[in-house]
Amino acid sequence: GKRLSSPISGVSTGSSILSALQDLFSVTWLNRSKVEKQLQVISVLQWVLSFLVLGVACSAILMYIFCTDCWLIAVLYFTWLVFDWNTPKKGGRRSQWVRNWAVWRYFRDYFPIQLVKTHNLLTTRNYIFGYHPHGIMGLGAFCNFSTEATEVSKKFPGIRPYLATLAGNFRLPVLREYLMSGGICPVNRDTIDYLLSKNGSGNAIIIVVGGAAESLSSMPGKNAVTLRNRKGFVKLALRHGADLVPMYSFGENEVYKQVIFEEGSWGRWVQKKFQKYIGFAPCIFHGRGLFSSDTWGLVPYSKPITTVVGEPITIPKLEHPTQQDIDLYHTMYMEALVKLFDKHKTKFGLLETEVLEVN
C-alpha cells in the first residue's frame, strides 16, 4: 500500500532545517566579527611596521636591485628622487584616494579612535594645531589628520591638515611617498614657513609639540606634557599670524607599555644622545601579540583614543615678535590646554581629581 507521510515528521523536518540555518547564520556572524577583528589588528600592524621598518627596508631593497640585472629601476628611482627632493617641503603630494582607504577605517575601529570638534575654524585663517601627548607613536594624530577615517574634512570643511613629522623620514625612499600621500610633511622651519605664507589660507599644521622628549615619559595612567620650554611653535605662529589650536588626545598614552629609564641611568643617557643627534629617542616598549592579547608584541593595546580639538587662540601677525610677545601667547596656550583637559577629562574615563602635568 501507499506510505502516508506523517504531518508531524514534515513539521520536524522543517524545524530542523530552520534550526540548521539559524546555526549557520550564527556561525557566519561569529566568524565575521572574528574576521573583522583580525582585519583591524592587521591594519594597525601594517602601519606600525611601515613606521618602524619601511624606509630602511626599501633603502636596502633598492641598493640590492642596484647590484642586479634590474639596476635600471634603481637608477630611475634615484634620478626621480633628485628631481623630487624638495616636494615634501612644499606640502608634498596629498592623495584623497590613499586618505580614504578602507584600511584606515579598520585602523580607527581597532582602538577605536575618535575626533571631537568643539569650535568651528575659519577657512580665511591658517592654523598651528598643538597635539598632546606624543605617546609612543602618535597614533591618534596619524589617524585623525593623515586619513579621512574620522572625517576630518567633513568636521572642518575647507581646512587642509598637514601632520608634521621628522624631516629624516623624507630622505628614505618609498616611505617618503607613502607619508606624503597622507598629507604628512617635515617638521622644519622651511616647510612651515612655506605652508603658512605661500599656500593660501585654510592650512592647519599639526605639530606634536612634546616630540621625542615627551615619548620617553609615555606610559599608561600618566597625563603629562612637555611644553613649558617649547616656544618655537608660538614664534612661528606670531610671524605668520596663524591661530594656535590646542588639542588633547585622551588615551594616547594607554596603548603601549614602556620601560622607563630613570634620569641619570645609562639607558636614559643613550636615549638623550639619540634625541640630540638624530632627532628621535629609541624607546623600549611593547603592546600585544598578533594573535593574542595575552602575549607581547608590536600591536598596540585596543584602548580608546579621543582627540579633542580646542578653541583657536587668535594670534596677531608680528614680523619680529619679541620674547615678551612669545611668552604671553605661550602662557595663553598652556592655560587653554589645561582648561581643555579639565573640561573633558571625566567624559573620557579620568577622575575629576586628575591633573595635567605640564613639564
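The values are calculated or read from the model by the stated rules, or taken from the named source; none is laboratory data. These numbers come from a predicted model, not from an experiment. When we count neighbours, we look across all protein chains shown, and the Cβ atoms used for this are built from the backbone with ideal geometry, even at glycine. Side chains included, ligands, DNA and RNA excluded: accessible areas come from the protein's heavy atoms. Shrake-Rupley method; radii C 1.70, N 1.55, O 1.52, S 1.80 Å.
Computed values, structure above
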{"item": "For the stretch 113-123, 3J(HN,Hα) per residue [Karplus equation, 6.51 cos²θ - 1.76 cosθ + 1.60, θ = phi - 60°, Hz, x = Gly/Pro]", "result": "10, 9, 10, 10, 9, 10, 9, 6, 10, 7, 6"}
{"item": "Tilt relative to the chain, helix 323-344 - C-alpha long axis, 0 to 90 degrees, to 10", "result": "20 degrees"}
{"item": "Charge sum, other residues only, whose C-beta stays under 14 Å from residue 237's C-beta, Lys/Arg counted +1 and Asp/Glu -1", "result": "+2"}
{"item": "Proximal aspartates and glutamates relative to residue 155, as straight alpha-carbon distance under 16 Å, when same-chain residues fewer than 8 apart are discounted", "result": "311"}
{"item": "Within the chain: Cβ-based charge dipole about Cα centre, in debye rounded to nearest 20 (Lys, Arg +1; Asp, Glu -1)", "result": "560 debye"}
{"item": "Principal axis box of the chain, alpha-carbon based, largest edge first, Å", "result": "109, 65, 49"}
{"item": "Charge dipole magnitude, Cβ of K and R +1, D and E -1 - the stretch 218-262, Cα centre, debye nearest 20", "result": "280 debye"}
{"item": "Residues whose placed amide H lies under 5 Å from that of residue 165, excluding near-sequence neighbours", "result": "185, 187"}
{"item": "³J(HN,Hα) computed for each position of the stretch 268-276 - Karplus, 6.51 cos²θ - 1.76 cosθ + 1.60, integer Hz, glycine/proline x", "result": "5, 4, 4, 4, 5, 5, 4, 4, 5"}
{"item": "Where a label projected 7 Å from the Cα of residue 301 along Cα→Cβ would reach, residues of the stretch 93-130 with amide N under 17 Å", "result": "110-113"}
{"item": "Probe 1.4 Å, protein heavy atoms only - accessible area per residue of the chain in square angstrom", "result": "53 Å²"}
{"item": "Phi-based couplings in Hz for the stretch 71-81 (Karplus 6.51, -1.76, 1.60; Gly and Pro marked x)", "result": "4, 4, 4, 5, 4, 4, 5, 5, 5, 4, 4"}
{"item": "Cβ-Cβ FRET estimate between residue 171 and residue 269, R0 fixed at 30 Å, reported to 0.05", "result": "0.70"}
{"item": "Of 135, 241, 221, the one that fluctuates the most in a GNM where the chain has Cα springs shorter than 10 Å", "result": "221"}
{"item": "Nearest-10 value in Å² for the accessible area of residue 354, using the 1.4 Å probe", "result": "50 Å²"}
{"item": "Solvent-accessible area of residue 257 with every protein chain in place, 1.4 Å probe, in Å² to the nearest 10", "result": "100 Å²"}
{"item": "Between helix 55-66 and the chain: long-axis angle, C-alpha atoms, 0 to 90°, nearest 10", "result": "90 degrees"}
{"item": "Potential lengthening between residue 80 and residue 64 on full extension [0.36 nm per residue; Cα-Cα distance subtracted]", "result": "4.0 nm"}
{"item": "Accessible area of residue 81 in the full protein assembly, 1.4 Å probe (Å², nearest 10)", "result": "10 Å²"}
{"item": "Entries of 154/317; 117/231; 198/272; 90/345; 117/198 with Cα pairs more than 30 Å apart", "result": "198/272; 90/345"}
{"item": "Within the chain, percent of DSSP bridges classed antiparallel, to nearest 5", "result": "30 percent"}
{"item": "Amide H partners (placed H, <5 Å) of residue 202, local residues excluded", "result": "125, 126"}
{"item": "Hits among aspartates and glutamates - C-alpha to C-alpha of residue 89 under 12 Å, sequence gap 8 or more where chains match", "result": "190, 193"}
{"item": "Under 29 Å from residue 34, Cα to Cα: lysines that are on another chain or at least 8 residues apart", "result": "257, 303"}
{"item": "Max mean-square fluctuation residue, GNM over the chain, Cα-Cα springs under 10 Å, options 194, 301, 162", "result": "194"}
{"item": "Exposure ranking of 342, 193, 84, 69 by accessible area [1.4 Å probe, largest first]", "result": "69, 342, 193, 84"}
{"item": "GNM result for the chain, Cα springs below 10 Å: residue of 47, 85, 266 fluctuating most strongly", "result": "266"}
